[in-house]
Amino acid sequence: MSLIGVIADEWNVKTVEINHSGDDGFDLTNSDIEMERVTVIDPVEDGVNLSSSYLSITQSLIVDMTDREEQDDREIFDFEVDTGPTMLTIVQGASVDLRGYWDTSHDDLRISLRSRDMPAPYPPYARNLYAWKGRLEKGPAEVFSKSNRP
């Protein structure tokens, strides 16, 4: 599913659920969108692909990338910064369920996590299986890429 929204209130799409997509699960390009819930279950490629976009989630984010045996080049997040930074914000009080690879290896764009609730992927900048489920009690979570520079 792809949405393009230039300003945050341009769309009134509150919830999306993507199951077994043939490409990326949820894809935004040059957009600024707020949604209540995003659920992505086992797409063929990456879970959430944001390109120079801002996505804010107010209630629930679920990305499950663990159903397939083949895990090559399939990550929870794939961010691109062609025309500007990319950020996913999950607000305090929202629930999160992430399962899959967090890939910040040297040949991918660095994807950072800032959260007082969610643990950072470890070791940093390496392909890691990541799993965390819970409610953001202490504050929001921000997943972002600033640029493609090291």
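Could you list, in sequence order, the residues of the range 30-69 that are β-branched (V, I, T), buried (at least 17 other Cβ atoms within 10 Å of the Cβ) and over 16 Å from W102 (Cβ atoms)? Before the answer, list the steps.
To start, the set of residues in the range 30-69 that are β-branched (V, I, T) comprises 33, 38-41, 44, 48, 57-58, 62-63, 66.
Among the residues that remain, those that are also buried (at least 17 other Cβ atoms within 10 Å of the Cβ) are: 33, 38-41, 48, 57, 62-63.
I33, V38, T39, I41, I57, listed by residue number.
Is the range 134-144 home to any residue that is modelled with pLDDT of 85 or more and of a type in the set (K, R)? So that I can check it myself, show each step before the final result.
Start the filter on the range 134-144 by keeping residues that are modelled with pLDDT of 85 or more, which leaves 134-144.
Adding the requirement that they be of a type in the set (K, R) leaves 135, 138.
Looking for residues that are modelled with pLDDT of 85 or more and of a type in the set (K, R), one finds at least one in the range 134-144, hence yes.
Here D73 meets the list (1) of a type in the set (D, E); (2) at pLDDT 90 or above; (3) on the phi > 0 side of the Ramachandran plot almost entirely, failing just condition (2).
Exactly one residue out of I62, I33 is under 20 Å from A141 (Cβ atoms) and at pLDDT 90 or above: that is I62. Looking across the range 42-53 at every residue that is of a type in the set (A, V, I, L, M, F, W, C) and touching a Ser or Thr at 6+ places or on another chain (Cβ under 9 Å), the one that is nearest to E142 (Cα to Cα) is identified as L50. Does any residue of the range 91-102 turn out to be surrounded by 14 or more Cβ atoms within 10 Å (Cβ to Cβ), at pLDDT 85 or above and closer than 15 Å to Y54 by Cα? Looking for residues that are surrounded by 14 or more Cβ atoms within 10 Å (Cβ to Cβ), at pLDDT 85 or above and closer than 15 Å to Y54 by Cα, one finds at least one in the range 91-102, hence yes.
For the range 83-101, name all the residues that are part of a loop (DSSP other than H, G, I, E, B) and touching a strand residue (DSSP E or B) at 6+ places or on another chain (Cβ under 6 Å).
We begin by selecting, within the range 83-101, every residue part of a loop (DSSP other than H, G, I, E, B); these are 83-85, 91-94.
Correct list: V91, A94.
The values are calculated or read from the model by the stated rules, or taken from the named source; none is laboratory data. Owing to the predicted nature of the structure, the values given are computational and were not obtained by experimental measurement. Because the Cβ atoms are built from the backbone with ideal geometry, glycine has one as well, and the counts that use them run over all protein chains shown.
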